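Before any comments, here is the structure.
All of the numbers you see were taken from the coordinates with simple rules; none came from a lab. Please read all numbers here as calculations on a predicted model, not as lab measurements. Don't worry about glycine lacking a Cβ; one is built from the backbone with ideal geometry, like all the others, and counts go over all protein chains shown.
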Amino acid sequence: MEYFLHVAVLVLIYAILSISYNLLMGFTALFSLAHAAMYGIGAYASTLLALQLGLNIWASLVAAVLITAASGAVIGIPALRVRSHYLVVLSFGFQMVIYSLMMNLVSFTGGEGGIIGIPKISIFGLALRAKWQALLCIGLITALILWIALRWGQSPFGRVLKAIRDDEEATRALGKNVVSAKVIVFMISGALAAVAGSLYAHYIGFINPFTFTLNESVFILAMVVFGGSGNFYGSILGALVLVAVPELLRFVRGFSEAIAGPFRHILYGLMLMAMMRFRPQGLIGEYKAPKPVPLDRLPSEHENTSTADPEKGYWTALPSRSTAPSGVHERKGAPVTETFLMEAHGLSKHFGGILAVNELSIGLRQGRITGLIGPNGAGKTTFFNLVTGFFPPDRGKVLLRGKDITALPPHLKTRLGMARTFQELRLFPHMTVLDTVLVARPKQKGENFALALWPFSPEEGQNRQEALSCLEFVGLASKRDELTENLSYAEQKLLSLARLLATGAELLLLDEPTSGLDPNSISRILHLIETLPAQGKTICIVEHNLDVMRHIADWVCFLAEGRMLAEGIPEDIFADKTLADIYFGGG
Amino acid sequence: MELFAQLATIGIILGSLYALFAVSWGVIFKVTKTFHFAHGIVFTIGAYACLIFTNYLRIPLILSALLAVAVSSLAGVAIELLTYRPLRRILSTPLAILISSLGTLIVVENFIALVMGSDIKPITGFHPKAIFVGPVAFTSIQLTIVIISLLLVVGLIWFLYRTRTGRILQAVASNPEMAEVVGIDAPKVFLLAFAIGSALIGVAGVLSLLEKGANPYMGTMAVLIGAIAVIMGGVESIPGGAVSGFILGVAINLSVIRIPSEWQYAIAFGIVIVLIILRPEGILAQKTR
């Protein structure tokens, strides 16, 4: 009986470890080989504080958690600057350094021999001597940690982590501070691992470095992979199966430790391979299959609202704009001003020896649709990257509402009201359609990991409403519980527009919103874009399709080789024979 | 001074081997973008194949070594075909491929431990000669390690930058889609990268066996050292990886002059962490932007 209680305690401690590792790997796709090091730092810190300073074990635990969180930042901060494969190497180095410290700082850690006589868990001076008491106490702490993790997972904070996992750049473009989110997830994941380490030390009463090896990091990884990444119940299941089953193998006769050790590892390894091949989401995946929507509730908005005749092409369905007088089109309901919402002055950018953008100055008029056209390599997308801060310009300035924002990082520019889409969409394939839009909502208090714990915030409901109305606007409300990767290409293009609108930004930069679409879908998207100025939006659109430009743009800028060759109303630009020759490469 | 010369010699031996770890891992990583953990097991397979051929099948050592290199090359190709290719086909994330690769490493190394035992196994009937040059002593096998490793490293770099096939590998490395457009069979080139990288790490496995014997878990350190060197050298640059690997080996040994040997790995990895933080584009890379 005692033995089973002991196994149960171990399962709980590993459950905490795999929950904390799930935050890193399952939610944020940060692959670290140093989780055992975090576990070890927690165990050693708590032990040393209790033994050397005579702290109460709970005070040691809290201090150990803080120390480990700070160590988490040591991996987290460099991880920001480097790409994912660097993190493997970086975290491995960290694991080796910590292990080496445990082995070699003999006067503190006791070296290989470890530390004995660690004070047992006690409450108000009453030591929990019986196994069942320890089990109960550790069980309560595990339950608390599970609750915290679940709150994080469901909160806007968890949503940002998943968005980073699916596409870091796109998350930045939505105005999220990816840098701080990554450091924080390393810190809180380390902090939770430290709780496990501290509990382990005070429960067993003895620690040595061999508990906190690279193999242990892999063991924790295996639990998360098996149970389910992005699902904390999965982590508990993973801990239960991977800790309890090998313990049961002890009762099989003729299974000496010399054979059982490698045998167990072969099973873990095979499990890792099989899961990746056949069930990469783990036993309990992140999302349940979406509930089927009852037929009577299915809106009809979705299919073929366009009246376009495919024979004649999409432009027949578009409202004629030829009645507009020369000069800039008047648009009903739009605040007609001729002030520039955004101005770029003299932007230049080199890539190696190529001058991608050369002294380019463009102004975007408030409430207008400005189109950028030009042959491939004209610098249109580079212009977007420069103004949104994805690349720093070599020279030049970007003004938004007259203020110089050139040096701001992308996420701050988005927060000031300038957001973009990407040619290659960069949606979040493993998030639901609704979450993809919801994550884009600005100023969510729940994105702060501490505020995320408060379960009764009214903002989540409001943001859901806003996100749903963005989905309704593009006609995807009925797909809200689908995974984004399951949408058709046309639907993904619409979703990319909905996500952009959800940012609430006033200036929208659209990079080829209609490319690769069939005529019906093009006409549908154009209808949507045309209504945006009436909602107070200013638009800049890059497009190869000249018919689209002719119908939608109020003002067209013609770029070639990184310079502006001409600008004017579409009629004038498209009537210019020289420009047409440049565009079509004729002579 | 004598101590310095001796430590530097051992450092050069280790550094040559590390350079071989780096280029063999680097050519696979650069071309296929796979974080190939299981490269470590190919190293171990090379060592054990040579051990079995020589100790149990009584095949002459040189022939055993050549066969072992062929076995390693095939093992690497098999890992690509059986593990990575099916995953790429179902559009797995890089993380999934990395985890699967780690799984492959764990399965095979423990399988070897089950069958062969987990103790260190030396090759029998092989006695390297001691060579003395002034105050410095080393063995004939250590000299062989340096010569063969450096020849292979230089040979690979020559192959990649100076031959037509090498340029095809580079083309796939920089843009697989574009390479396919101009008629290069990218999956075949992936196989070639695995075959070359695996043969090279197989040579390293055989050389390590001859120097220190084989144990089932020798591969983990080899692959991680290789990956560290490649990343320190800048992932785009195979010569950069070779130089970093070499420097890493020499530095770890020379550090013993000033610091106790049990600390050398902690300090080496500490320095690696700092370098990666300070120069994420690689220590030898020029800033391109």
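Of note:
- Segment A:Leu53-A:Ser488, extension gain: residue separation times 0.36 nm, minus the distance between their alpha carbons: 150.4 nm
- Pairwise FRET efficiency - B:Asn175 versus A:Tyr287, Cβ, R0 = 41 Å, nearest 0.05: 0.75
- Take the Cα of A:Leu355, go 7 Å toward its beta carbon, and the backbone nitrogen atoms of segment A:389-431 under 18 Å from that spot belong to A:393-397.
- Exceeding the 31 Å Cα-Cα cut-off - candidates A:Lys349/A:Lys445; A:Lys162/A:Lys493; A:Lys413/A:Lys493: A:Lys349/A:Lys445
- Amide H partners (placed H, <5 Å) of A:Ile207, local residues excluded: A:Ile115
- Whole-number D in µm² s⁻¹ for segment A:437-587, Kirkwood Cα-pair radius fed into Stokes-Einstein, 10 °C, 1.306 mPa s: 90
- The GluC sites (Glu not before Pro) of segment A:337-411 that DSSP puts in a loop, and whose beta carbon has at most 10 other beta carbons within 10 Å, are A:Glu338.
- Between 0 and 90 degrees, the angle of helix A:35-52 with respect to the longest Cα principal axis of chain A falls at about 50 degrees.
- Summary of the geometry: segment A:477-536 and segment B:213-280, compared by the centres of their Cα atoms, lie 49 Å apart.
- Most mobile listed residue (B:Gly240, B:Gly103, B:Gly26) in chain B, GNM with C-alpha springs under 10 Å: B:Gly103
- Once the chymotrypsin sites (Phe, Trp or Tyr not before Pro) in DSSP loops with at most 15 neighbouring Cβ atoms within 10 Å are cut out of chain A, the longest remaining piece is A:288-455.
- Descending Cα extents along the principal axes, chain B, whole Å: 59, 50, 34
- Projected-area average for the protein assembly as shown over all orientations - Cα convex hull basis, square nanometres: 43.1
- Overall, chain B carries a charge dipole of about 440 debye about its Cα centre when +1 sits on the Cβ of Lys and Arg and -1 on the Cβ of Asp and Glu, all other atoms neutral.
- Whole-Hz couplings from phi, Karplus 6.51/-1.76/1.60, listed for segment B:255-260; x for Gly and Pro: 4, 4, 4, 9, 10, x
- Chain A - mean residue ellipticity at 222 nm from DSSP helices (-39,500 (n - 2.57) per run, n ≥ 4, rounded to 500): -16000 deg cm²/dmol
- Across peptide B:170-181, the average count of Cβ atoms from other chains found within 10 Å of a residue's Cβ is 0.
- For segment B:136-260, the C-alpha radius of gyration sits at 1.23 times the compact-globule guess of 2.2 N^0.38 Å, with N the residue count.
- With 0.36 nm allotted per residue and the present C-alpha distance subtracted, the A:Ile123-A:Leu451 stretch has 115.2 nm of extension available.
- Those trypsin sites (Lys or Arg not before Pro) in segment B:127-220 that DSSP places in a loop and that have at most 15 other beta carbons within 10 Å: B:Lys129
- The calculated 222 nm mean residue ellipticity attributable to helices in chain B amounts to -24000 deg cm²/dmol, summing -39500 (n - 2.57) over DSSP H runs of n ≥ 4 and dividing by all residues.
- Segment B:111-171: radius of gyration over Cα atoms, expressed as a fraction of 2.2 N^0.38 Å: 1.79
- Computed from phi, the 3J(HN,Hα) profile of segment A:211-216 under the Karplus parametrisation 6.51, -1.76, 1.60 (θ = phi - 60°) reads 7, 10, 8, 4, 4, 5 Hz, with x in place of Gly and Pro.
- A:Glu2 paired with A:Leu140, simple spin-label distance in nm, labels 7 Å along Cα-to-beta-carbon: 2.5
- Taking a ≥ b ≥ c as the square roots of the eigenvalues of the alpha-carbon gyration tensor, segment B:62-141 is classed prolate because a/c is 1.5 or more and a/b outweighs b/c.
- For A:Gly371, nonlocal amide neighbours, meaning residues 5 or more places apart or on other chains whose placed amide H falls under 5 Å from its own, are A:Ile541, A:Asp554, A:Trp555, A:Val556, A:Cys557.
- Over 15 Å [Cα-Cα, segment A:219-259], rounded percent: 45
- Angle of helix A:232-249 to the longest C-alpha principal axis of chain A, folded into 0 to 90 degrees and rounded to 10: 30°.
- In range of the label at B:Leu143: residues from segment B:237-262 whose backbone nitrogen is under 15 Å from the point 7 Å along Cα→Cβ: none
- About the centre of its Cα atoms, segment A:2-212 shows a dipole size close to 340 debye [charges on the beta carbon of Lys, Arg (+1) and Asp, Glu (-1) only; nearest 20 debye].
- Ordered by the number of other Cβ atoms lying within 10 Å of each residue's own Cβ, fewest first, A:Leu500, A:Leu283, B:Leu87 fall into the sequence A:Leu283, B:Leu87, A:Leu500.
- The Cα center of segment A:226-276 and the Cα center of segment A:89-103 differ in position by 25 Å.
- Across B:Gly134, B:Gly233, B:Gly11, mean-square fluctuation computed from a Gaussian network of chain B (C-alpha pairs under 10 Å connected) peaks at B:Gly134.
- Using a simple spin-label model with pseudo-atoms 7 Å out from Cα toward Cβ, A:Glu338 and B:Tyr217 lie 7.8 nm apart.
- Average Cα contact separation per residue, chain A, under 8 Å, 6 or more apart, as relative contact order %: 17
- For segment A:359-460, the equivalent ellipsoid derived from the alpha-carbon gyration tensor has semi-axes of 31, 18, 13 Å in decreasing order.
- ³J(HN,Hα) computed for each position of segment A:355-361 - Karplus, 6.51 cos²θ - 1.76 cosθ + 1.60, integer Hz, glycine/proline x: 8, 6, 9, 10, 6, 8, 10
- Where labels lie 7 Å past Cα in the beta-carbon direction, separation of B:Tyr161 and B:Ala130 in nm: 4.1
- Loop-located GluC sites (Glu not before Pro) in segment A:407-484 (DSSP state other than H, G, I, E, B) with a sparse environment of at most 16 neighbouring Cβ atoms within 10 Å: A:Glu424.
- Principal-axis tilt of helix A:2-22 within chain A, Cα atoms, nearest 10 degrees: 20
- GNM result for chain B, Cα springs below 10 Å: residue of B:Leu114, B:Leu98, B:Leu248 fluctuating most strongly: B:Leu114
- Length gained when the stretch B:Glu262-B:Met116 is fully extended (0.36 nm per residue, less Cα-Cα span): 49.7 nm
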